[in-house]
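Asker: Below: one structure in structure tokens.
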Amino acid sequence: MQFHDSRDRGADQLALGLGWFSIALGVAEVAAARGLARVIGIPADEKNTAILQAMGVREISSGLAILAQPRDAKWVWSRVGGDLIDIAFLTSALRAEDADRDRVAGAAAAVLGVTALDVLCARRLSRTGDAERRSCSTHVQQAVTIARPIEEVYGFWSAFENFPRFMGHLESVKRLDERRSRWRAKGPGGTRFEWEAELIEAVENERIAWRSVEGSDVRTSGAVRFHRAPGARGTEVRVDLHYSPPGGALGRGIAWLFGEEPEQQVRDDLRRLKQILEAGEVLLSDGPAMWRPAQPAEDLEQIRTLTGVQQ
Amino acid sequence: MKANCWMGKGLVQIQDVPDPRILNARDAIVRVTKTAICGSDLHLYKGFIPSMRRGDVLGHEFMGEVVELGSGVKNLAVGDRVVVPFPIACGHCSQCERELYSLCENSNPNAWMAEKLWGYSPCGIFGYSHMLGGFAGGQAEYVRVPFADVGPIKVPDNLSDEQVLFLSDILPTGYMAAEACGIQPGDIVAVWGCGPVGQFAIKSAYLLGAERVIAIDRFPYRLRIARERAGAETLNYEEVDVHEALKELTAGRAPDCCIDAVGMEGHAPGIAGAYDRVKQAMMLETDRPVALREAILACRSGGTISVAGVYGGFVDKFPMGAIVNRSLTIKSGQTHVHRYMRPLLNRIERGEIDPTFVITHRRRLHDAPEAFEVFNTKQDECLKVVLTA
């Protein structure tokens, strides 16, 4: 995927700082657990030192993860989780009889301060992450080998109205004339998107390409190349897809169509294409994608919907 | 209908679930007459296989009567008595064309899950986790059988259910393990694990021309069955040093072929066993490969280790040095059941093998939860449970 540059540099810097802070604190907790216990006012007994050392290991791993991927909000969120554990630990220490309450309270206040910083940083990172996803132009390349003759595979693909049988997000493709077709896709919350596409290239048993017509809400193009696989292994199908959704709600809808992992979606589409051409059907699971237990369903429509195909 | 469902780690229950219906044109619905509990069901029972969900119908060893057919199944008729292979295979992809049915490329709708763990996906399997397809299993009154024009085999009336039921899994599995050894005249085969698959591996090794078969286990009753019913010499690993004993029994040549019929939950006495148990409990290793390590070290240089036991994820302290420096070959795979059903059915008909000797317990489907526990804890000398639906 290609991204426009919309980074929040401040958040990146803050994340790096928090990463180094994690490592420093972690090393102190592991190496000098007893001393640290005294500083924060809890008994330096075996149980507390063991807990502090475990927390230290956690801090170090969080820190390393943040330094390795400072733009990934989830590592900073993992620090927030750690902070909550620390606060829970200190709160329970406050109730212990042999704790120095003033010192423990001081330590808890310090942790609360750091927590606020962590939340701030994680939220800023998450926001820029979302913005990137919204403004992305997606390019996906996937390939599959189908154990059928090239003429048959090309023939199936050149009939665009077949696409909804294996492309999970498409509801229908209607042929308008020799070159033009109308595509209808499902969006989030029962919404629909429609656009018109035109065939721009069709070389029999070699290549098919199409793109959305000028002025469509959805700018998309695709190309498929076909090759005979060596050793009579069937047909190699290589797919290139581009989607450049506009901004706004529609854009978010299109981004949602392709989810977090557009490659995975196209891979699943090609897997279904292979099933249709080789096995004659898209095999339905009793528990598609673990959405429901593997037991017979009352509602067959539900199984089809979860599988993402119309049969 | 009633079905035996996985309800969480260590818990299976008979539940009321909807009757299965035809979902695809190549489906059949089979009314189950007999089904069995497999050793690999215990891996699910104990929570060692990921991607299980509360309510999953278990069971991949089953047979019964065809009661309904999809429009695409032309070779079966309602009323046919069939045994169903546990791997689901389309019969048309390049793997099926090579007769590697358990590698079918079209039978796992949840393939992406398996790809995350294993790189690529194998076939779908009945009642064996969502990453292997999320298919309802055969420990039930009825079951939906996908690609029914390729999998189920019709069985003759003169053979009883018990004689043919194990064509669904464990007989071909033991047979394929022995076949993978490429047994030559004079070969000595060692088999780790005297569960049902181990017993059939011993039998098959003899059928395929092994000179001697040495079986290894720790349960005296399983060793006794291996001796008396399968004809093996036996070693109890709690009593002898297996490596030394095999060296002695083979006059220093070592077994030419070693079969691991144990899998991911191997036991070992002493430090090695404790090491794997601790690592497995801490999720640092998913499988305990104690039998596999021992088989590798015990095998003749240039020999073959055939792995029939199920492994799910990652093993630790794997003796790669022995494999490289001693030219060992490891062969494995989920069983390509479809290619063995016909020849093994013929062997059963000719009386060359009677698979019923492994059955120790017969229960009603209704008693499956209790039967799981009996089998799991090896109470009452349990070797194989057959359930009548």
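Asker: What distance in nm lies between label points placed 7 Å from Cα along the C-beta direction at B:D380 and A:V27?
Answerer: Label-label distance for B:D380 and A:V27, simple model: 6.3 nm.
Asker: Same structure again: Give me the dipole magnitude in Debye, nearest 20, for chain A about the Cα centre, with unit charges on the beta carbon: positive for Lys and Arg, negative for Asp and Glu.
Answerer: 300 debye
Asker: For chain B, what is the percent of antiparallel DSSP beta bridges, rounded to the nearest 5?
Answerer: Of the beta bridges lying entirely in chain B, close to 55 percent run antiparallel.
Asker: Note down the nm distance, to one decimal, between modelled labels 7 Å out along Cα→Cβ at A:R180 and at B:A25.
Answerer: 3.4 nm
Asker: Taking only the alpha carbons of the protein assembly as shown, what extent do you get along each of the three principal axes, in Å, biggest first?
Answerer: Principal extents (largest minus smallest coordinate, Cα): 83, 78, 53 Å.
Asker: Then there's this: With all distinct Cα pairs included, what does the Kirkwood hydrodynamic radius of chain B come out to in Å, to one decimal, could you say?
Answerer: One over the average 1/r among Cα pairs gives 21.0 Å for chain B.
Asker: Kirkwood hydrodynamic radius for the stretch A:20-152: how many Å is it when counted over pairs of different Cα atoms?
Answerer: 17.3 Å
Asker: Okay, next question. Please build a GNM for chain B, connecting alpha carbons under 10 Å apart, and tell me which residue among B:R144, B:R81, B:R253 fluctuates the most.
Answerer: Sorting by GNM fluctuation, first place goes to B:R253.
Asker: Could you quote the convex hull projected area for chain A, Cα atoms only and averaged over all directions, in nm²? Before the final figure, lay out the partial values.
Answerer: Values: hull surface 90.4 nm².
Here the figure is 22.6 nm², rounded to one decimal.
Asker: Quick one: what do you get for the stretch B:1-122 if you divide its Cα Rg by 2.2 N^0.38 Å? Working shown, then result.
Answerer: On the way: Rg = 15.7 Å, N = 122, 2.2 N^0.38 = 13.7 Å.
Expressed relative to 2.2 N^0.38 Å, the Cα Rg reads 1.15.
Asker: Helix check for chain A. Which DSSP H runs span at least 24 Å along their own axis by Cα, with a mean Kyte-Doolittle hydropathy no less than -0.5?
Answerer: A:9-31, A:46-68, A:73-95, A:101-134
Asker: Just to confirm the filter: which GluC sites (Glu not before Pro) across the stretch A:143-252 are DSSP coil and have at most 14 other Cβ within 10 angstrom of their Cβ?
Answerer: Of the GluC sites (Glu not before Pro), the ones in loops of the stretch A:143-252 whose Cβ has at most 14 other Cβ atoms within 10 Å are A:E178, A:E204, A:E206, A:E214.
Asker: Build a GNM of chain B with springs between Cα atoms under 10 Å: which of B:V191, B:V155, B:V145 gets the top mean-square fluctuation?
Answerer: B:V155
Asker: Amide H of A:R207: which non-local residues (sequence gap of 5 or more, or other chain) have their own amide H closer than 5 Å, using H built in the peptide plane?
Answerer: A:F226
Asker: For B:V278 paired with B:H243, estimate the spin-label separation in nm (one decimal), with each label point 7 Å from Cα along the Cα-to-Cβ line.
Answerer: 2.1 nm
Asker: Another question, if that's okay. Counting only DSSP beta bridges with both residues in the protein assembly as shown, tell me the antiparallel percent, nearest 5.
Answerer: Values: 76 of 103 bridges.
Here the share of antiparallel DSSP bridges comes out near 75 percent.
Asker: Please give the FRET efficiency for A:A209 paired with A:R127, using the beta carbon to beta carbon distance and R0 = 51 Å, rounded to the nearest 0.05.
Answerer: That pair, A:A209 with A:R127, gives E of 0.85.
Asker: Additional query: Provide the FRET efficiency to the nearest 0.05 for the B:N346-A:D102 pair, computing r from the beta carbons and using R0 = 60 Å.
Answerer: That pair, B:N346 with A:D102, gives E of 0.10.
Asker: For a quick check, take a GNM of chain B with Cα springs below 10 Å and name the residue from B:D217, B:D41, B:D16 with the largest mean-square fluctuation.
Answerer: It is B:D16.
Readers should treat all values here as calculations from the given coordinates under stated rules, not as data from a laboratory. Just so it is clear, the structure is predicted and the values come from calculations on it, not from any experiment. All Cβ positions, even for glycine, are placed from backbone atoms using ideal geometry, and neighbour counts span all protein chains on display.
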